[in-house]
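Contents: one structure, followed by commentary.
Values quoted throughout were computed directly from the atomic coordinates according to the rules given, and no laboratory measurement underlies them. Predicted model, so just to flag it, every value in this text is computed and none were measured. Neighbour counts run over all protein chains shown; Cβ positions are idealised from the backbone, glycine included.
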Amino acid sequence: MHQDLTDQGYWNLSPRKYFSCFLFISVLSSARNTHERDVIRETWGKDLPKDIVLRFVVGIGNLNREEKDSVSREHMLHKDLLMLNFNESFNALTLKVKETFQWVDNNVDLKFLLKVDEDTFVRTDALMRELKQKTDKRLYWGFFDGRALAKQKGKWAEKEWILCDRYLPYALGGGYVLSSDLVHYVSSNSKLLKPFKNEDVSLGAWLGPLDINRVHDPRFDTEYKSRGCKNSYLVTHKIPSMLMREYNNNLQKLGHLCSHEFQVRKSYIYNWRNPPSKCCERVDSSVP
């Protein structure tokens, strides 16, 4: 059983919040990607219930005056942008997640946070049904990997990763859920937490020593490319705009996600009893 640490300083929640919700959805977005945001607004992000708050997180530090004015007008129209004052770049994704968690922790009274990308499709109705049945303490829920070798070359290279030759088990960044206490933990300890290049790898390392509930769920199709389409998917990544609209249309007219189900890449059930290097074998095509 988890010890209750709410009396410890680094778990205490701020008593003053600007608004409350059950689920806060953080969509990492580039300030210039208005089209991608509009597609989400027209599909899975449209007409969300009052207990869900969605914000597109954009960095505005390196925008020119015209671009800042454009973003401000967009926010005045939609009221759904979270504008952070840092320079947007691929190498700043971890900082972006840190600053998002700090803003949420300081301003929102929430139960859960869902972090996704702007090319992620979310079944908010199904996700909420699942969350209503879960404890709102120490939850780290997504599609986990524990056998990934630390990259030393290319775009994803982690030059400062010295912990071991593999990444610590982490939920892939196309979409994962955290309970509010873990958001607070990252926020309140942000100055002590070593940032790595990949935000999802960083989060796995930050939460690695903690006694928390890591839930691997194949219904999170959140790898670097989609595994296909299954009606059981809750969150699916790398979805182009046209397919987002198709998925949304299917849900409205057919009541399910896929025109037809298919799989282009096997999934896996994470075996927590094995060493991380042997956690994740793609041997069962019935796993979504």
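Quick one: which residues, 5 or more positions from Arg166 or on another chain, have an amide H under 5 Å from its amide H? H modelled 1.01 Å from N in the peptide plane, none for Pro or chain starts.
Placed amide hydrogens put Ala150 under 5 Å from Arg166.
Once a ≥ b ≥ c are taken as the square roots of the eigenvalues of the Cα gyration tensor of the range 43-160, is the result rounded (a/c under 1.5), prolate (a/b larger than b/c) or oblate (a/b not larger than b/c)? Display every interim value, and only then the final one.
Working: a/c = 1.88, a/b = 1.03, b/c = 1.83.
Oblate, since a/c reaches 1.5 and b/c is not below a/b.
At what distance in nm do the modelled label points of Trp272 and Thr34 sit from each other, each positioned 7 Å from its Cα along Cα→Cβ?
For Trp272 paired with Thr34, the spin-label model returns 4.6 nm.
Can you work out the base-10 log of I(q)/I(0) for the range 219-288 at q = 0.12, 0.21, 0.27, 0.28 1/Å, using the Debye formula on its C-alpha atoms alone?
Here log10 of I(q) over I(0) equals -0.36, -0.89, -1.27, -1.33.
Name the long-range amide H neighbours of Val215: under 5 Å, sequence gap of 5 or more, or other chain; modelled H, no Pro or chain starts.
Under 5 Å from the amide H of Val215 lie the amide H atoms of Tyr140, Trp141, Gly142, each far enough along the sequence or on another chain.
Within the range 90-125, what residues put their amide N at less than 19 Å from the label point 7 Å along the Cα-to-Cβ vector of Asp51?
Residues 108-115, 123-125 fall inside that zone.
For Cα pairs less than 8 Å apart in space and 6+ apart in sequence, what is the mean separation divided by the residue count of the range 18-278, i.e. the relative contact order in percent?
Numbers: 465 pairs, mean separation 55.0, N = 261.
That works out to 21 percent.
Sequence neighbours fewer than 8 away in the same chain don't count; with that in mind, list the aspartates and glutamates whose C-alpha is under 16 Å from Lys68.
Counting by Cα, and skipping residues close in sequence, Lys68 has these aspartates and glutamates nearby: Asp80, Glu88.
Using a 10 Å cut-off around each Cβ, can you sort Met244, Met128 from fewest to most neighbouring Cβ atoms? Mind dumping the intermediate values first?
On the way: Met244 21, Met128 17.
Going from sparsest to densest Cβ surroundings: Met128, Met244.
Tell me the label-point distance for the pair Glu281, Ser259, using the 7 Å Cα-to-Cβ offset, in nm and rounded to one decimal.
3.7 nm
For the range 175-186, just list the computed ³J(HN,Hα) in residue order, Karplus coefficients 6.51, -1.76 and 1.60, θ = phi - 60°, integers in Hz, with x standing in for Gly and Pro.
For the range 175-186, the Karplus-derived couplings read x, 8, 10, 10, 6, 5, 5, 6, 4, 5, 4, 5 Hz, x marking Gly and Pro.
Under 19 Å between alpha carbons, and skipping anything fewer than 8 positions from Lys278 in its own chain: which aspartates and glutamates qualify?
Candidates past the 8-residue exclusion: Asp145, Asp165, Asp217, Glu223.
Would you grab the residues whose amide H sits under 5 Å from the one on Ile25? Only those 5+ places off in sequence or on another chain, please, with H modelled 1.01 Å from N.
For Ile25, whose amide H was placed from the backbone, the distant partners under 5 Å are Val53, Leu54, Arg55, Leu114.
Per residue of the range 263-276, what does 6.51 cos²θ - 1.76 cosθ + 1.60 with θ = phi - 60° give for ³J(HN,Hα)? Whole Hz please, x for Gly and Pro, Karplus curve as stated.
9, 9, 7, 5, 9, 7, 9, 5, 9, 6, 7, 8, x, x
What's the local net charge at Glu67, with K and R +1, D and E -1, over the other residues with C-beta under 12 Å away?
Values: positive: Arg32, Arg65, Lys68, Arg73; negative: Glu66, Asp69, Glu74, Glu88.
In short, 0.
Restricting attention to the range 72-167, which chymotrypsin sites (Phe, Trp or Tyr not before Pro) occupy a DSSP loop and are surrounded by at most 10 other Cβ atoms within 10 Å?
Working: sites: Phe86, Phe90, Phe101, Trp103, Phe112, Phe121, Tyr140, Trp141, Phe143, Phe144, Trp156, Trp161, Tyr167; in loops: Phe86, Phe143, Trp156, Trp161, Tyr167.
When the chymotrypsin sites (Phe, Trp or Tyr not before Pro) of the range 72-167 are filtered for loop state and at most 10 Cβ neighbours within 10 Å, nothing remains.
Let me see the P(r) profile for the chain: every Cα-Cα distance counted, bins of 5 Å, each bin given as a percent of all pairs.
Per 5 Å bin, starting at zero, the Cα-Cα P(r) for the chain comes out as 1, 5, 12, 16, 19, 18, 15, 9, 4, 1, 0 percent.
Round to the nearest 0.05 the FRET efficiency obtained for Arg245 and Lys159 when R0 = 45 Å and r is the Cβ-Cβ distance.
Working: r = 40 Å, r/R0 = 0.88.
Efficiency for this residue pair is about 0.70.
If neighbour count is taken as other Cβ atoms inside 10 Å, put Asp200, Asp181 in order from fewest to most.
Ordered from fewest to most neighbouring Cβ atoms within 10 Å, Asp200, Asp181 come out as Asp181, Asp200.
Looking at the range 18-278, what % of its DSSP beta bridges pair antiparallel, to the nearest 5?
Numbers: 14 of 39 bridges.
Looking only at bridges with both residues in the range 18-278, the antiparallel portion is about 35 percent.
Each residue of the range 126-136 in order: what ³J(HN,Hα) in whole Hz does its phi give by Karplus 6.51 cos²θ - 1.76 cosθ + 1.60, θ = phi - 60°, with x for Gly and Pro?
Per residue, the Karplus-derived 3J(HN,Hα) values read 5, 5, 5, 4, 5, 5, 4, 9, 9, 5, 8 Hz.
Just want the ordering: Asp125, Asp80, from fewest to most Cβ atoms lying within 10 Å of their own Cβ. Don't jump to the answer; show the numbers that get you there.
Details: Asp125 13, Asp80 18.
Ranking Asp125, Asp80 by Cβ neighbours within 10 Å, fewest first, gives Asp125, Asp80.
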